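Notes follow once the structure below has been shown.
The values are calculated or read from the model by the stated rules, or taken from the named source; none is laboratory data. Predicted model, so just to flag it, every value in this text is computed and none were measured. In this analysis, Cβ positions are derived from the backbone assuming ideal geometry, glycine residues included, and neighbour counts consider all displayed protein chains.
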Amino acid sequence: MIALAPSPLGVETLDDPACDPAVARATLRDIARANRWFGGVGAAAFGLDRLLAGVSARRLTLLDVGAGSGDVARALQARARRRGIELVPLAVDAHRIAAGLCRDAGLRTAVATAAALPLRPGSVDVVLASQFLHHFRRDAAIALLQAFARLARVGLVVADARRTTAAAWGIWLGSLAFGFHPVTRRDGMLSVRRSCTAAELRALVADAGLRGTVHRRPGFRLVAVWRRRDADG
(Lines give C-alpha, C1' and ligand atoms only; values in the text may rest on other atoms or scores of the structure.)
Protein backbone atom coordinates (compact mmCIF):
# COMPACT_ATOMS: atom_id res chain seq x y z
CA MET A 1 0.00 0.00 0.00
CA ILE A 2 1.24 3.49 -0.88
CA ALA A 3 1.85 5.91 1.97
CA LEU A 4 -0.25 8.89 0.90
CA ALA A 5 1.56 11.72 2.66
CA PRO A 6 -0.38 14.95 2.04
CA SER A 7 1.12 18.09 0.59
CA PRO A 8 2.84 20.09 3.35
CA LEU A 9 1.40 23.37 2.03
CA GLY A 10 -1.96 23.20 3.74
CA VAL A 11 -5.18 21.22 3.96
CA GLU A 12 -8.17 21.47 1.63
CA THR A 13 -11.61 20.60 2.93
CA LEU A 14 -12.00 17.57 0.67
CA ASP A 15 -8.72 16.14 1.97
CA ASP A 16 -10.82 14.90 4.89
CA PRO A 17 -13.33 12.21 3.84
CA ALA A 18 -15.27 12.96 7.03
CA CYS A 19 -15.73 16.67 6.32
CA ASP A 20 -19.17 18.26 6.70
CA PRO A 21 -21.45 16.68 4.03
CA ALA A 22 -23.18 19.95 3.17
CA VAL A 23 -19.84 21.71 2.63
CA ALA A 24 -18.55 18.76 0.61
CA ARG A 25 -21.59 18.88 -1.70
CA ALA A 26 -21.27 22.64 -2.16
CA THR A 27 -17.56 22.39 -2.90
CA LEU A 28 -17.98 19.50 -5.32
CA ARG A 29 -20.72 21.42 -7.14
CA ASP A 30 -18.45 24.46 -7.42
CA ILE A 31 -15.52 22.35 -8.65
CA ALA A 32 -17.72 20.93 -11.42
CA ARG A 33 -18.70 24.46 -12.45
CA ALA A 34 -15.06 25.57 -12.38
CA ASN A 35 -14.05 22.54 -14.46
CA ARG A 36 -16.63 23.46 -17.07
CA TRP A 37 -15.92 27.20 -17.19
CA PHE A 38 -12.24 27.52 -16.30
CA GLY A 39 -10.60 24.77 -18.34
CA GLY A 40 -10.60 21.64 -16.19
CA VAL A 41 -12.73 19.58 -18.57
CA GLY A 42 -10.90 20.99 -21.57
CA ALA A 43 -7.52 20.01 -20.12
CA ALA A 44 -8.61 16.43 -19.45
CA ALA A 45 -10.19 16.19 -22.91
CA PHE A 46 -6.98 17.45 -24.54
CA GLY A 47 -5.00 14.80 -22.68
CA LEU A 48 -7.37 12.01 -23.64
CA ASP A 49 -7.32 13.09 -27.31
CA ARG A 50 -3.52 13.04 -27.30
CA LEU A 51 -3.42 9.66 -25.61
CA LEU A 52 -5.90 8.00 -27.96
CA ALA A 53 -4.54 9.41 -31.21
CA GLY A 54 -4.10 6.40 -33.47
CA VAL A 55 -5.67 3.91 -31.04
CA SER A 56 -8.10 1.73 -32.98
CA ALA A 57 -10.14 0.30 -30.10
CA ARG A 58 -13.81 1.31 -30.14
CA ARG A 59 -14.45 0.44 -26.49
CA LEU A 60 -12.18 1.61 -23.68
CA THR A 61 -12.36 1.69 -19.90
CA LEU A 62 -11.44 4.86 -18.00
CA LEU A 63 -10.47 4.89 -14.32
CA ASP A 64 -11.10 8.37 -12.90
CA VAL A 65 -9.15 8.58 -9.63
CA GLY A 66 -10.45 11.21 -7.23
CA ALA A 67 -13.48 11.61 -9.49
CA GLY A 68 -15.32 14.20 -7.39
CA SER A 69 -18.87 14.47 -8.68
CA GLY A 70 -17.98 12.57 -11.87
CA ASP A 71 -18.37 15.64 -14.08
CA VAL A 72 -15.08 15.21 -15.93
CA ALA A 73 -15.65 11.49 -16.57
CA ARG A 74 -19.13 12.18 -17.94
CA ALA A 75 -17.84 14.95 -20.19
CA LEU A 76 -15.11 12.69 -21.57
CA GLN A 77 -17.62 9.89 -22.09
CA ALA A 78 -19.82 12.19 -24.18
CA ARG A 79 -16.83 13.48 -26.14
CA ALA A 80 -15.64 9.94 -26.91
CA ARG A 81 -19.14 8.94 -28.02
CA ARG A 82 -19.06 11.69 -30.64
CA ARG A 83 -15.88 10.08 -32.00
CA GLY A 84 -17.50 6.67 -32.14
CA ILE A 85 -15.73 5.37 -29.03
CA GLU A 86 -17.57 3.78 -26.14
CA LEU A 87 -15.76 5.06 -23.06
CA VAL A 88 -16.74 3.18 -19.90
CA PRO A 89 -15.78 5.14 -16.77
CA LEU A 90 -15.12 3.78 -13.31
CA ALA A 91 -15.21 6.62 -10.79
CA VAL A 92 -13.18 6.19 -7.60
CA ASP A 93 -13.20 8.59 -4.68
CA ALA A 94 -12.48 8.30 -0.97
CA HIS A 95 -15.44 10.56 -0.16
CA ARG A 96 -18.77 8.84 0.20
CA ILE A 97 -20.48 12.11 -0.73
CA ALA A 98 -18.50 12.30 -3.98
CA ALA A 99 -19.09 8.62 -4.71
CA GLY A 100 -22.80 9.11 -4.16
CA LEU A 101 -22.86 11.97 -6.67
CA CYS A 102 -21.03 9.78 -9.19
CA ARG A 103 -23.55 6.97 -8.71
CA ASP A 104 -26.42 9.44 -9.05
CA ALA A 105 -24.88 10.49 -12.38
CA GLY A 106 -25.03 6.89 -13.60
CA LEU A 107 -21.33 6.05 -13.26
CA ARG A 108 -19.91 2.79 -11.98
CA THR A 109 -18.40 3.88 -8.69
CA ALA A 110 -16.14 2.62 -5.92
CA VAL A 111 -15.31 4.18 -2.57
CA ALA A 112 -11.55 3.70 -2.15
CA THR A 113 -8.35 5.60 -1.59
CA ALA A 114 -5.74 5.84 -4.32
CA ALA A 115 -3.40 3.95 -1.99
CA ALA A 116 -5.56 0.83 -2.14
CA LEU A 117 -7.40 0.73 -5.45
CA PRO A 118 -9.42 -2.49 -5.83
CA LEU A 119 -7.95 -3.27 -9.24
CA ARG A 120 -5.34 -5.58 -10.73
CA PRO A 121 -2.43 -4.38 -12.89
CA GLY A 122 -3.48 -3.88 -16.50
CA SER A 123 -7.18 -3.97 -15.63
CA VAL A 124 -8.21 -0.64 -17.23
CA ASP A 125 -7.29 1.08 -20.48
CA VAL A 126 -6.84 4.68 -19.32
CA VAL A 127 -6.20 6.21 -15.91
CA LEU A 128 -7.22 9.83 -15.37
CA ALA A 129 -5.96 11.90 -12.43
CA SER A 130 -7.69 15.27 -12.73
CA GLN A 131 -7.06 17.91 -10.05
CA PHE A 132 -5.66 15.12 -7.90
CA LEU A 133 -1.88 14.90 -7.60
CA HIS A 134 -1.47 18.31 -5.99
CA HIS A 135 -3.06 16.95 -2.81
CA PHE A 136 0.05 14.83 -2.07
CA ARG A 137 3.67 15.23 -1.11
CA ARG A 138 6.09 14.78 -4.00
CA ASP A 139 7.23 11.27 -3.06
CA ALA A 140 3.62 10.13 -2.72
CA ALA A 141 2.74 11.66 -6.09
CA ILE A 142 5.60 9.76 -7.73
CA ALA A 143 4.44 6.50 -6.15
CA LEU A 144 0.89 7.17 -7.35
CA LEU A 145 2.03 7.79 -10.92
CA GLN A 146 3.90 4.50 -10.88
CA ALA A 147 0.86 2.68 -9.50
CA PHE A 148 -1.46 4.26 -12.09
CA ALA A 149 0.92 3.26 -14.89
CA ARG A 150 0.77 -0.36 -13.75
CA LEU A 151 -3.02 -0.30 -13.97
CA ALA A 152 -3.26 1.16 -17.47
CA ARG A 153 -3.19 -0.87 -20.70
CA VAL A 154 -3.03 2.25 -22.88
CA GLY A 155 -1.81 5.10 -20.72
CA LEU A 156 -2.25 7.86 -18.20
CA VAL A 157 -3.57 11.44 -18.26
CA VAL A 158 -2.76 13.89 -15.47
CA ALA A 159 -4.55 17.24 -15.55
CA ASP A 160 -4.00 19.87 -12.88
CA ALA A 161 -3.59 23.55 -12.20
CA ARG A 162 -0.40 25.38 -13.16
CA ARG A 163 1.09 27.28 -10.23
CA THR A 164 1.22 30.99 -10.94
CA THR A 165 0.17 34.07 -9.00
CA ALA A 166 -2.23 34.95 -11.80
CA ALA A 167 -3.91 31.54 -11.53
CA ALA A 168 -4.45 31.96 -7.79
CA TRP A 169 -6.01 35.40 -8.17
CA GLY A 170 -7.97 34.23 -11.20
CA ILE A 171 -9.70 31.46 -9.26
CA TRP A 172 -10.38 33.86 -6.38
CA LEU A 173 -11.96 36.50 -8.60
CA GLY A 174 -13.80 33.95 -10.73
CA SER A 175 -15.23 32.21 -7.69
CA LEU A 176 -16.46 35.54 -6.35
CA ALA A 177 -18.07 36.43 -9.65
CA PHE A 178 -19.89 33.10 -9.87
CA GLY A 179 -20.92 32.95 -6.21
CA PHE A 180 -18.87 29.94 -5.13
CA HIS A 181 -18.97 28.78 -1.51
CA PRO A 182 -16.36 30.56 0.68
CA VAL A 183 -14.65 27.21 1.33
CA THR A 184 -14.31 26.68 -2.43
CA ARG A 185 -12.64 30.08 -2.80
CA ARG A 186 -10.15 29.36 -0.05
CA ASP A 187 -9.42 25.83 -1.26
CA GLY A 188 -9.11 26.98 -4.86
CA MET A 189 -6.28 29.34 -4.02
CA LEU A 190 -4.63 26.67 -1.88
CA SER A 191 -4.87 24.09 -4.66
CA VAL A 192 -2.96 26.45 -6.97
CA ARG A 193 -0.27 26.93 -4.32
CA ARG A 194 0.06 23.16 -4.00
CA SER A 195 0.26 22.61 -7.76
CA CYS A 196 3.28 22.36 -10.08
CA THR A 197 4.97 24.47 -12.66
CA ALA A 198 5.41 22.80 -16.05
CA ALA A 199 9.05 22.02 -15.25
CA GLU A 200 8.11 20.49 -11.90
CA LEU A 201 5.47 18.26 -13.46
CA ARG A 202 7.95 17.11 -16.12
CA ALA A 203 10.41 16.21 -13.37
CA LEU A 204 7.69 14.41 -11.42
CA VAL A 205 6.75 12.27 -14.42
CA ALA A 206 10.39 11.53 -15.22
CA ASP A 207 11.19 10.58 -11.62
CA ALA A 208 8.28 8.13 -11.76
CA GLY A 209 10.14 6.43 -14.62
CA LEU A 210 7.61 7.47 -17.27
CA ARG A 211 8.44 8.97 -20.67
CA GLY A 212 5.54 11.38 -20.84
CA THR A 213 4.87 14.79 -22.33
CA VAL A 214 3.66 17.87 -20.46
CA HIS A 215 1.53 20.57 -22.07
CA ARG A 216 0.30 24.00 -20.99
CA ARG A 217 -3.40 24.54 -21.60
CA PRO A 218 -5.83 27.46 -21.25
CA GLY A 219 -7.05 28.37 -17.80
CA PHE A 220 -3.58 27.96 -16.23
CA ARG A 221 -3.76 24.18 -16.69
CA LEU A 222 -1.11 21.52 -17.13
CA VAL A 223 -1.63 18.16 -18.79
CA ALA A 224 0.79 15.24 -18.67
CA VAL A 225 0.25 12.32 -21.04
CA TRP A 226 2.02 8.97 -20.84
CA ARG A 227 1.34 6.12 -23.26
CA ARG A 228 2.56 2.55 -23.12
CA ARG A 229 4.94 1.72 -25.93
CA ASP A 230 2.99 -1.46 -26.67
CA ALA A 231 -0.43 0.29 -26.68
CA ASP A 232 -2.61 -0.34 -29.72
CA GLY A 233 -1.76 1.98 -32.61
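Things to note:
- The range 134-178, subset under 26 Å from SER123 (Cβ atoms) and aromatic (Phe, Trp, Tyr), residue surrounded by the fewest Cβ atoms within 10 Å (Cβ to Cβ): PHE136
- Among residues of the range 80-108, those that are more than 19 Å from ALA152 (Cβ to Cβ) and either assigned to a loop (DSSP other than H, G, I, E, B) or touching a helix residue (DSSP H, G or I) at 6+ places or on another chain (Cβ under 7 Å) (or both), counted: 9
- For the range 179-216, filtering for residues that are in contact (Cβ under 8 Å) with a residue 40 or more places away in the chain, in contact with a Leu (Cβ under 6 Å, 6 or more places away or on another chain) and buried (at least 17 other Cβ atoms within 10 Å of the Cβ) leaves 3.
Residues checked against (1) in a loop (DSSP other than H, G, I, E, B); (2) touching a strand residue (DSSP E or B) at 6+ places or on another chain (Cβ under 9 Å); (3) buried (at least 19 other Cβ atoms within 10 Å of the Cβ):
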residue	(1), (2), (3)
PRO8	yes, no, no
VAL11	yes, no, no
ALA18	yes, no, no
VAL23	no, no, no
ASP30	no, no, yes
ASN35	no, yes, yes
VAL41	no, yes, yes
ALA44	no, yes, yes
GLY47	no, yes, yes
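- Criterion applied to ASP64, ASP139 was being at pLDDT 95 or above, closer than 24 Å to ARG163 by Cα, under 15 Å from the mean Cα position of the chain (by Cα) and of a type outside the set (S, T, N, Q), and the one residue passing it is ASP64.
- Pairs, first farther than 19 Å from VAL55 by Cα and free of Cβ contacts under 8 Å to residues at least 40 places away in the same chain in the range 138-163, second of a type in the set (Val, Ile, Thr) and surrounded by fewer than 24 Cβ atoms within 10 Å (Cβ to Cβ), C-beta under 7 Å, six or more apart: ARG163/VAL192; ARG163/THR197
- Residue within the range 58-75 that is touching a Phe, Trp or Tyr at 6+ places or on another chain (Cβ under 8 Å), of a type outside the set (S, T, N, Q), surrounded by 16 or more Cβ atoms within 10 Å (Cβ to Cβ) and part of a helix (DSSP H, G or I) present: no
- Among the residues making up the range 180-190, those that are part of a helix (DSSP H, G or I) and either among the hydrophobic types (A, V, I, L, M, F, W, C) or in contact with a helix residue (DSSP H, G or I) (Cβ under 6 Å, 6 or more places away or on another chain) (or both) are VAL183, THR184, ARG185, ASP187, GLY188, MET189, LEU190.
- Candidate set: the range 112-144, residues that are assigned to a strand (DSSP E or B) and among the β-branched types (Val, Ile, Thr); chosen: the one nearest to GLY10 (Cα to Cα): VAL127
- Beta carbons closer than 7 Å, at least 6 apart along the sequence or on distinct chains, pair a first residue in the range 85-110 that is within 17 Å of ASP16 (Cβ to Cβ) and in contact (Cβ under 8 Å) with a residue 60 or more places away in the chain with a second that is surrounded by fewer than 19 Cβ atoms within 10 Å (Cβ to Cβ) and of a type in the set (Ser, Thr, Tyr) for ALA94/THR113.
- Where ARG82 falls short, out of the listed (1) without any contact (Cβ under 8 Å) to a residue 40 or more places away in the chain; (2) within 23 Å of ILE31 (Cα to Cα); (3) surrounded by fewer than 17 Cβ atoms within 10 Å (Cβ to Cβ); (4) basic (Lys, Arg): (2)
- Exactly one residue out of ARG228, ARG185, ARG217 is at pLDDT below 95, charged (D, E, K, R) and within 19 Å of TRP37 (Cα to Cα), and it is ARG185.
- Condition met for SER69 (touching a residue at least 24 places away in the same chain (Cβ under 8 Å), touching a His at 6+ places or on another chain (Cβ under 7 Å) and among the small types (Gly, Ala, Ser)): no
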